[in-house]
1. Condition test on Thr183, is it at pLDDT 95 or above, of a type in the set (Ser, Thr, Tyr) and crowded, with 24+ Cβ neighbours inside 10 Å?
2. Need at least 1 residues that are closer than 17 Å to Leu107 by Cα and polar (S, T, N, Q) per element, so show me which helices (runs of 4 or more DSSP H) inside the range 121-227 make the cut, counting only ones lying wholly within it.
3. Filter the range 120-143 down to the residues that are in contact (Cβ under 8 Å) with a residue 40 or more places away in the chain and more than 22 Å from Asn190 (Cα to Cα), then identify the one that is surrounded by the fewest Cβ atoms within 10 Å (Cβ to Cβ).
4. Could we say that Tyr100 is over 30 Å from Ile230 (Cβ atoms), surrounded by fewer than 22 Cβ atoms within 10 Å (Cβ to Cβ) and of a type in the set (Phe, Trp, Tyr) here?
5. Which residue out of Ala232, Ala207, Ala218, Ala199 is small (Gly, Ala, Ser), more than 21 Å from Leu17 (Cα to Cα) and modelled with pLDDT of 95 or more?
Amino acid sequence: MSDAAEIIFEKRGAVGLITLNRPKALNALTHAMCLSMKAKLDVWSKDDAVKCVVIQGEGERAFCAGGDIRALYESGKAGTSYIVDFYRDEYILNAAIKHYPKPFIALLRGIVMGGGVGVSVHGSHRIADETMLFAMPETGIGLFPDVGGSFFLPRLPGELGMYLGLTGARLKTADALYAGVATHFVPAANREALIEAFASGKPPDAALRELSEALPAASLPEIRADIDRIFAANSVETILSTLDAEGTDWGRDTAKTIRAKSPTATKLTLRQIREGKSLSFDDCMRMEFRMVNRVIAGHEFYEGVRASIIDKDGAPRWEPAQLADVSDADIDAYFAPLGERELPL
């Protein structure tokens, strides 16, 4: 068993450098990682020698693939507090990044999903290399696009956020830039030079002007008009019926993708994205904490994780299995206040 730290903090010149250090687990976040990152960010915010914070993932495969889902599954099934503690402190960390008083720069290589989005997309600079692969795939495990998805997804161009949230569609680098998930493209070969430029005290925007590059055209613009038209609907049922009526391969494939997700999770996701459009960031996080408390007390999350990660049979048995059986009252219950258990922001 390795004694290597799960997360490494170092000061390199003017940079406070965070390295997520669980490459075999695709740098998935643990509760301890969230706590230690928040504590270090607090220290560096008051350190005049630290001009910016840079976060990266160890290894070639992933920046961060999300939270450690197996640990969350096991905690929830056993009834321990770890799962609630994780989500509470992960969301507090997300808010700290969103409100950070110094440039917060994420170097995005490989998989950037779920919790990995939460520790990157709310920062000032999201710098993708040519290997980046972004997704918010939570509806496939009976969850919803959390870690601030309520805030950033409805603020992407048009209805891209609703499309990404309901389908879990994966974006490569050019499309991530088009959507606004990433802010810059810097080839992997220039990564160390970029860190050294930041470390020398050069302002991030000046360093990026020298080292960032243009990318070939994205593919999302080809379907953007269809996404904006179809995903503007206010029910999952309407979105699916419109996709069915398109008579195109894209329409059929997209509808099939959504139908494979948890019906409850897709309805939750549509509601949270519509609600989040008019909420502040902190209110979005409070809303998500209410939602996740209800999710972890229910069935869908554990069944989704069982089918995808534990048994890996790819055949989740959702309850209810049909959208028509998920009532508005069922969804309303996820958003009810938690009283004394509200997220302490």
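The values are calculated or read from the model by the stated rules, or taken from the named source; none is laboratory data. Keep in mind the model is a prediction, meaning the values are calculated, not measured. Cβ: placed from backbone, ideal geometry, glycine included. Neighbour counts: every protein chain shown.
1. No, not satisfied.
2. Output list reads 173-179.
3. Gly140
4. In short, yes.
5. Unique residue meeting the criteria: Ala232.
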